[in-house]
Amino acid sequence: MTPQQSASSAEIDLSRFVRPGDRILWGEGAGEPRSLTGALVEQRAQLGGVEVFLGVSFSETFCSGHADHIRFRALGGYGTNARLSHHGALEIVPSHLSSVPRLITDGRIGVDVVFVQVSPPDARGRHSLGVVADYVRPAMARARVVIAEVDERTPRTRGDTEVDASSFTAVIHADRGPLEVRPSTPGAAELAIAERVMAFVPDGSTLQFGIGSTPEAIAGGLTARRDLGIHTSLLGDRVLDLIECGAVTNARKGLDRGVTVAGMLVGTRRLYDYAHENPEVELRQIAYTHGASVLSRLEGFIAINSAVEVDLTGQVNAESVRGVHVGAVGGAVDFMRGAAAAPGGCSIVALPSTARDGALSRIVSKLSNGVATAPRSDVHLVATEHGVADLRGRSLRERAEQMIAIAEPAFREELTVASRDLT
């Protein structure tokens, strides 16, 4: 990819395209076109008040002070969205990720303007959406205005990412590359959880990994497995490690054999370079990555997600703690249900047993905010550093016994007392 002079966010006058009250959307994660979003921040006072819709965010673009002229709405508090939530500047739209394209198409999530980060054109003059597919296309189809940030270092990826320049209302040029997000360094609890979970991931499984340090640690522990497949929403560097060591080959997938399928890439330059024009990686829209009819055909599909807390019956809160949104409904339940429908499938919720340096139990008698992201009927296995609770086919009393057994020992007595009220 040949570099060219980078464009400044000041080089586009958004007021030529954005009207007061417009609703603006862009790709999630590393797909944020930061020259355009930077221009939005700089010019927000001149735009007459706008609304933005955020997916998972990892950039430092926005802060609560920008709510003076921008109304922030989001699927949840993942990543840097949590800062907006903490300051009361974020309105949450609780939704399964599988529902978002339809909500956009039906106008229930309003879209007037879309910003897209795209690659330079290929030999046929076609651009790529680069590191994110998920709900960008439905948004582009609905929008009045589509502004493209053509970035010299954005990879050309395969799948549902090809777009024609005729789709763009305006274009700016940049040379900064997609946002880089490095994988987290797992702690002792995460490493212990990974060791526990590995026993439930046989060779040939097709895997989905959720967001967070615990799923990343589990991915990092699977290097000795063989012929794993990947069908996931977010693809990061830990999965690339599995590909490079030979653990992931996608050779035994019932669908997309030989191909890693994801909705978006969120990682380092190493990951983006690997995906560039690579036929063994495809980024697909949400209808495919999260679709029940697709997931149910993935034999041996294992969904691995994390949570804020889990109660004694298996209900999962993956959204908020003490009134602050730090997660989302997102795609976890889509993948849980897909795993339940897939032949030989299984869903795993993995989390450390405590928070705040051991002061709080994350295995609880009642969810702290009364928020159940996933109902207990959708949860198969819950893993902590102390063990794995298999809730399949268990009564409420049996579930409580298993959950108490994987809680931090210091909290087991009070959880046992609380479990006596279960009916």
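Comparison of SER347, SER377 shows that the only residue that is among the hydroxyl-bearing types (Ser, Thr, Tyr) and not in a helix (DSSP H, G or I) is SER347. Return the residue satisfying two criteria in turn: it lies in the range 216-248 and is polar (S, T, N, Q) and in contact (Cβ under 8 Å) with a residue 40 or more places away in the chain, and of such residues it is nearest to ASP203 (Cα to Cα). Top of the filtered list is THR232.
From GLU413, GLU309, GLU385, which residue is surrounded by fewer than 18 Cβ atoms within 10 Å (Cβ to Cβ) and at pLDDT 95 or above? Lay out the reasoning, then the answer.
Details: GLU309 fails: surrounded by fewer than 18 Cβ atoms within 10 Å (Cβ to Cβ); GLU385 fails: surrounded by fewer than 18 Cβ atoms within 10 Å (Cβ to Cβ).
Answer to the selection: GLU413.
Selection of the range 316-338 for residues being part of a loop (DSSP other than H, G, I, E, B) and surrounded by fewer than 22 Cβ atoms within 10 Å (Cβ to Cβ) yields ARG322, GLY323, VAL326, VAL329. Taking the range 339-360 as the region of interest, how many residues are crowded, with 24+ Cβ neighbours inside 10 Å and within 12 Å of HIS380 (Cα to Cα)? Residues in the range 339-360 being crowded, with 24+ Cβ neighbours inside 10 Å and within 12 Å of HIS380 (Cα to Cα): 5 in total. Exactly one residue out of ALA405, ALA418 is in contact with a helix residue (DSSP H, G or I) (Cβ under 9 Å, 6 or more places away or on another chain), among the small types (Gly, Ala, Ser) and free of Cβ contacts under 8 Å to residues at least 40 places away in the same chain, and it is ALA405.
Would you mention how many residues in the range 152-173 are touching a Gly at 6+ places or on another chain (Cβ under 9 Å) and small (Gly, Ala, Ser)? Qualifying residue count, the range 152-173: 1. Only residues that are among the aliphatic types (A, V, I, L, M) and assigned to a helix (DSSP H, G or I) were counted across the range 135-173, and they come to 5.
Could you list all residues from the range 51-69 that are surrounded by 21 or more Cβ atoms within 10 Å (Cβ to Cβ) and either of a type outside the set (A, V, I, L, M) or in contact with a Lys or Arg (Cβ under 9 Å, 6 or more places away or on another chain) (or both)? Outline the logic, then answer.
From the range 51-69, those surrounded by 21 or more Cβ atoms within 10 Å (Cβ to Cβ) are 52-57, 62; that's our starting set.
The answer is VAL52, PHE53, LEU54, GLY55, SER57, PHE62.
The residue of the range 103-126 that is surrounded by the fewest Cβ atoms within 10 Å (Cβ to Cβ), among those that are free of Cβ contacts under 8 Å to residues at least 12 places away in the same chain and not small (Gly, Ala, Ser), is ARG124. Being more than 17 Å from ALA339 (Cα to Cα), crowded, with 19+ Cβ neighbours inside 10 Å and not aliphatic (A, V, I, L, M) is a description that applies to ARG284.
Sort out which residues of the range 149-194 are of a type in the set (Val, Ile, Thr), farther than 30 Å from HIS386 by Cβ and surrounded by fewer than 18 Cβ atoms within 10 Å (Cβ to Cβ), and write them in order of number. THR169, VAL171 - these are the residues of the range 149-194 that are of a type in the set (Val, Ile, Thr), farther than 30 Å from HIS386 by Cβ and surrounded by fewer than 18 Cβ atoms within 10 Å (Cβ to Cβ).
The values are calculated or read from the model by the stated rules, or taken from the named source; none is laboratory data. No experiment lies behind these values; they were computed from the predicted model shown. Note: ideal-geometry Cβ built from the backbone for every residue, glycine included; neighbour counts use all protein chains shown.
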